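Colleague: This structure is in structure tokens; I'll ask about it shortly.
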């Protein structure tokens, strides 16, 4: 059947349809990128959170146990060295017995030095790993808390940081490192995060250290370095 539409009319109708489609696409794009509403923001004092977590206290206790075990190994080696050194004085310098005892003493001294270095490195690695693991736990828990309370953005509160008195250059560096100049106290969720992490919904155990069993512990301790 032959169309009665004039070519110009058909062209005009096609143009209108194209414009309608384009207008619809622009409307969809606007709705896709239009802001959904005000962004809910909160802040957290990370240092305070870290210092008051049950898992941190338990991790400190485990680190202390690791440090004590390593120190016991160093002490045992050192006592053996002292015994060899005492035996050395019983021999005539230059004699075969003296040379043999001297060799054993030097070997033992090298072992003590190597064990002490190993113990210090191992303890530092454990401290680093525990700190990293707790940070991961904090970050995960903050995300869970934020989603549950419809918080869109959680910022690290650096308004609590103090500017130390030092050189002009270092003072400028401290100031430049800060990201928040002001925040209302109502934005702070530090105590809420601590309560959440220490409560039933938070992590129940500390990151395990080598040779230790994770568990809860009250109070904080500091692991000494082997000496």
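Colleague: Return the total of residues in the stretch 37-54 being farther than 19 Å from residue 184 by Cα and either modelled with pLDDT of 90 or more or in contact with a strand residue (DSSP E or B) (Cβ under 9 Å, 6 or more places away or on another chain) (or both).
Modeller: 5
Colleague: Kindly evaluate residue 142 against the criterion of being touching a strand residue (DSSP E or B) at 6+ places or on another chain (Cβ under 7 Å) and either assigned to a helix (DSSP H, G or I) or modelled with pLDDT under 95 (or both).
Modeller: yes
Colleague: Only one residue in 110, 105 is at negative phi and surrounded by fewer than 16 Cβ atoms within 10 Å (Cβ to Cβ). Which one?
Modeller: So the residue among 110, 105 that is at negative phi and surrounded by fewer than 16 Cβ atoms within 10 Å (Cβ to Cβ) is 110.
Colleague: Of the residues 111, 102, which is within 25 Å of residue 68 (Cα to Cα) and in contact with a helix residue (DSSP H, G or I) (Cβ under 9 Å, 6 or more places away or on another chain)?
Modeller: Result of the check over 111, 102: 111.
Colleague: Tell me whether the stretch 101-118 contains one or more residues that are touching a residue at least 60 places away in the same chain (Cβ under 8 Å) and either touching a strand residue (DSSP E or B) at 6+ places or on another chain (Cβ under 8 Å) or within 30 Å of residue 203 (Cα to Cα) (or both).
Modeller: Within the stretch 101-118, none of the residues are touching a residue at least 60 places away in the same chain (Cβ under 8 Å) and either touching a strand residue (DSSP E or B) at 6+ places or on another chain (Cβ under 8 Å) or within 30 Å of residue 203 (Cα to Cα) (or both).
Colleague: Is there a residue in the stretch 191-214 that is crowded, with 17+ Cβ neighbours inside 10 Å, within 21 Å of residue 39 (Cβ to Cβ), modelled with pLDDT of 80 or more and touching a helix residue (DSSP H, G or I) at 6+ places or on another chain (Cβ under 8 Å)?
Modeller: yes
Colleague: Can you tell me how many residues within the stretch 150-186 are part of a loop (DSSP other than H, G, I, E, B), more than 26 Å from residue 57 (Cβ to Cβ) and in contact (Cβ under 8 Å) with a residue 24 or more places away in the chain?
Modeller: 7
Colleague: Starting from the stretch 41-68, take each residue that is surrounded by fewer than 21 Cβ atoms within 10 Å (Cβ to Cβ) and list its partners that are in a helix (DSSP H, G or I) and at pLDDT below 90, counting only C-beta distances under 8 angstrom and pairs at least six apart or across chains.
Modeller: Going by the 8 Å Cβ cut-off, the qualifying pairs are 50/56.
Colleague: Among the listed residues 92, 137, which satisfies the condition of being in a helix (DSSP H, G or I) and out of contact with any strand residue (DSSP E or B) (no Cβ under 6 Å at 6 or more places or on another chain)?
Modeller: Within the list 92, 137, the selection yields 137.
Colleague: Continuing with this model, one more query. Scan the stretch 69-89 residue by residue and report those that are out of contact with any helix residue (DSSP H, G or I) (no Cβ under 8 Å at 6 or more places or on another chain) and without any contact (Cβ under 8 Å) to a residue 24 or more places away in the chain.
Modeller: 72, 75, 76, 79, 82, 83, 86, 89
Colleague: On to the next question. I need a count of the residues in the stretch 158-174 that are surrounded by 10 or more Cβ atoms within 10 Å (Cβ to Cβ), closer than 22 Å to residue 43 by Cβ and out of contact with any helix residue (DSSP H, G or I) (no Cβ under 6 Å at 6 or more places or on another chain).
Modeller: Total meeting the criteria: 5.
The values are calculated or read from the model by the stated rules, or taken from the named source; none is laboratory data. Source: prediction; values computed, not measured. Here the Cβ is made from the backbone with ideal geometry for all residues, glycine too, and neighbour counts use every protein chain on show.
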